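The values are calculated or read from the model by the stated rules, or taken from the named source; none is laboratory data. This structure is a prediction, so every number in the text was calculated from the model and none was measured. Virtual Cβ from ideal backbone geometry, glycine too; neighbours counted across all protein chains shown.
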Amino acid sequence: MRTVLYVIIGLVLQQTICAQSDYLYQIGKKDSVYSNILNESRDIYVQLPYSYNANSNEKYPVIYILDGDVLLPTVVNIHDFYSGGFMPEMIIVGISNAVNRTRDLTTSKITSRRGMPYNEEHGEAKHFLSFIKTELIPYIEGKYPVTNYRTLIGHSYAGLFAIYTMLNQPDLFANYISIDPSLDWDDQKIMKQAKSDFLNKNFNGKGLFMSLGGQLHMQDSGITIDNVMQDSSEYTLFARSNIELAQFIDKNESIGLNYEWQFYANDLHGTIPQPSIKDGLISLFQWYQMENTDAINNPETSVSELIRIIENREAKLKAHFGYSVAPYPEDLLNMSGYMNMEMGQPDKSKMYFEKAIQYYPESANVYDSMADYYESQKDYANALRCVSKAFEISGSDYHKERLEKLKKL
């Protein structure tokens with residue numbers, strides 16, 4: 001079906017405004033999971049991608065965001081702006097940590113913190129991780145169309161938990177974004193474990209993005225990124241733990257991580273999630289970004305070279321995801337077919353429509369578009385065949401009417 005395809009706008013504005021709502025923007029359908037491990041019901045918030053179709057068999061990578069009741073809007077907004085060109089469309093699951101946050105996200109028992117007795121319930125990350133692994137993920141995979149390609153995002157104690165998860169269950173997630181993590185917890189216990197585990201366990205192909213905020217010392221503005229490692233006070237242990245782990249990873253490339261560390265000098269602990277989530281997702285999915293766009297846009301590029309580019313991208317995505325995935329969105333292949341029809345390059349047009357059918361065989365639209373190509377070539381028999389297939393899939397009045405018109409040609 002020939003539709004007006006504003007692809008760039010489509011990549012940006014990927015939210016449907018609910019007509020029945022008084023609000024412009026709604027995200028995160030609330031759901032919940034009862035946990036036998038935690039002995040409580042845990043709220044979650046699920047955001048489906050723009051292209052989601054309940055009648056399709058397509059599945060999506062998934063992001064799990066801790067403190068989801070707070071940070072889900074940020075993740076969704078960034079994903080909406082950058083998905084397609086910078087990262088794949090994904091299902092986003094926000095996990096609420098509004099209750100028992102310290103209990104669930106801290107990784108060991110302590111008696112004091114920063115010179116004061118510590119009496120808050122804490123140190124139960126082992127149980128919370130077990131809940132995520134054995135209860136939450138199976139629930140999501142049973143109810144929503146997700147793949148096993150997962151990303152975990154956490155801030156502060158949740159950033160500590162993200163590193164803890166990576167060390168203790170490294171295969172549970174493909175990517176980890178640890179935002180201003182509390183690596184000073186329990187005399188840097190997880191930071192010290194990381195330095196050991198990174199050398200003794202296999203982290204090849206895993207992605208880790210870490211960030212540090214600009215407030216390096218609560219009481220001394222003279223402490224900067226250039227001299228903080230020379231300070232030995234309790235006030236800088238938070239920052240020094242973060243930097244020490246970052247420096248360790250930088251010096252040990254054999255760890256095999258897809259790794260990036262960012263310092264946000266102008267952000268505080270409370271503001272750093274927004275830039276970290278944006279930069280982290282773009283960094284971890286850098287391999288997903290489209291390549292050879294200059295050759296694709298060049299009218300002199302041959303059909304065989306375009307096929308090579310498409311198939312190489314398909315192989316690259318499969319290597320990263322671990323399963324086969326279409327190299328380009330359906331709309332982009334569709335648009336490319338029509339653009340080449342208008343440019344008088346029918347061979348390229350046909351190739352793009354054929355690739356769309358190859359990668360999206362359950363879509364009525366790709367067969368309808370192929371029929372447009374055949375009609376442009378006055379090949380009405382093949383146009384009829386393609387519209388028949390489109391009607392078989394859609395059962396729509398539009399395709400039924402088009403069939404009747406083609407039969408008369």
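Only residues that are outside any helix (DSSP H, G or I) and not charged (D, E, K, R) were counted across region 207-242, and they come to 21. Given the structure, is M191 touching a helix residue (DSSP H, G or I) at 6+ places or on another chain (Cβ under 6 Å) and at pLDDT below 95? In short, no. Residues that are out of contact with any Gly (no Cβ under 6 Å at 6 or more places or on another chain) and assigned to a loop (DSSP other than H, G, I, E, B) within region 179-193 comprise S182, L183, D184, listed in sequence order.
From the residues in region 100-128 that are within 26 Å of the chain's Cα centre (by Cα) and of a type in the set (A, V, I, L, M, F, W, C), which one is surrounded by the fewest Cβ atoms within 10 Å (Cβ to Cβ)? By that ranking, first place goes to A125. Scanning region 70-121 for residues that are assigned to a helix (DSSP H, G or I) and closer than 25 Å to N53 by Cα returns L72, P73, T74, V75, V76, N77, I78, H79, D80, F81, Y82. Considering only residues in region 21-67 that are touching a Ser or Thr at 6+ places or on another chain (Cβ under 6 Å) and within 21 Å of D331 (Cα to Cα), the one that is surrounded by the fewest Cβ atoms within 10 Å (Cβ to Cβ) turns out to be K59. For first residues located in region 166-188 and assigned by TED's automatic domain parsing to the domain that holds L105 and surrounded by fewer than 18 Cβ atoms within 10 Å (Cβ to Cβ), partners that are among the polar types (S, T, N, Q) and in a loop (DSSP other than H, G, I, E, B) and lie 6+ apart or on another chain with Cβ distances below 8 Å form the pairs P170/N202. Right, I282: under 22 Å from the mean Cα position of the chain (by Cα), β-branched (V, I, T) and either modelled with pLDDT under 95 or surrounded by 17 or more Cβ atoms within 10 Å (Cβ to Cβ) (or both) or not? So I282 fits the description; yes.
Of a type in the set (A, V, I, L, M) and touching a residue at least 40 places away in the same chain (Cβ under 8 Å): which single residue out of M218, M229, M290 fits that description? Selected residue: M290, the only one of M218, M229, M290 that is of a type in the set (A, V, I, L, M) and touching a residue at least 40 places away in the same chain (Cβ under 8 Å). Among the residues of region 352-371, those identified as more than 19 Å from N53 (Cα to Cα) and either under 26 Å from the mean Cα position of the chain (by Cα) or not aliphatic (A, V, I, L, M) (or both) are Y352, F353, E354, K355, S369. Taking first residues from region 321-332 that are in a loop (DSSP other than H, G, I, E, B) and partners that are of a type in the set (F, W, Y), the Cβ contacts under 7 Å between residues at least 6 apart in sequence or on separate chains come to G322/Y149; A326/Y359; A326/Y360. Restricting N312, N292, N266 to residues that are surrounded by fewer than 12 Cβ atoms within 10 Å (Cβ to Cβ) and not β-branched (V, I, T) narrows the list to N266. In this entry, S35 is excluded by the filter for residues that are among the polar types (S, T, N, Q) and out of contact with any helix residue (DSSP H, G or I) (no Cβ under 9 Å at 6 or more places or on another chain).
Within region 48-91, the set of residues being under 20 Å from T165 (Cβ atoms), among the aliphatic types (A, V, I, L, M) and either modelled with pLDDT under 95 or out of contact with any strand residue (DSSP E or B) (no Cβ under 6 Å at 6 or more places or on another chain) (or both) comprises V70 only. Pull out all pairs, ordered by first then second residue, where Cβ-Cβ is under 7 Å, the residues are six or more apart or on different chains, the first lies in region 240-262 and is within 23 Å of I223 (Cβ to Cβ), and the second is among the acidic types (D, E) and surrounded by fewer than 19 Cβ atoms within 10 Å (Cβ to Cβ). Note: pairs meeting the criteria are Q262/D279. Residues in region 150-178 that are on the phi > 0 side of the Ramachandran plot and assigned to a strand (DSSP E or B): there are none.
Each row is one residue, and each column tells you yes or no for (1) surrounded by 12 or more Cβ atoms within 10 Å (Cβ to Cβ); (2) closer than 30 Å to Q215 by Cα.
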| residue | (1), (2) |
| --- | --- |
| D250 | no, yes |
| I255 | yes, yes |
| K318 | yes, no |
| Y328 | yes, no |
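Residues that are buried (at least 20 other Cβ atoms within 10 Å of the Cβ) and of a type in the set (K, R) number at least 1 in the following helices (runs of 4 or more DSSP H) confined to region 342-409: 346-359, 397-407. Test Y259 against the criterion of being surrounded by 17 or more Cβ atoms within 10 Å (Cβ to Cβ), closer than 16 Å to S178 by Cα, of a type outside the set (G, A, S) and in contact with a helix residue (DSSP H, G or I) (Cβ under 8 Å, 6 or more places away or on another chain), and give yes or no. Yes; evaluated as a whole, the condition is true for this residue. Any residue that is touching a residue at least 24 places away in the same chain (Cβ under 8 Å), assigned by TED's automatic domain parsing to the domain that holds N168 and of a type in the set (S, T, N, Q) - is there at least one of those in region 71-87? Yes; the residues of region 71-87 include at least one that is touching a residue at least 24 places away in the same chain (Cβ under 8 Å), assigned by TED's automatic domain parsing to the domain that holds N168 and of a type in the set (S, T, N, Q).
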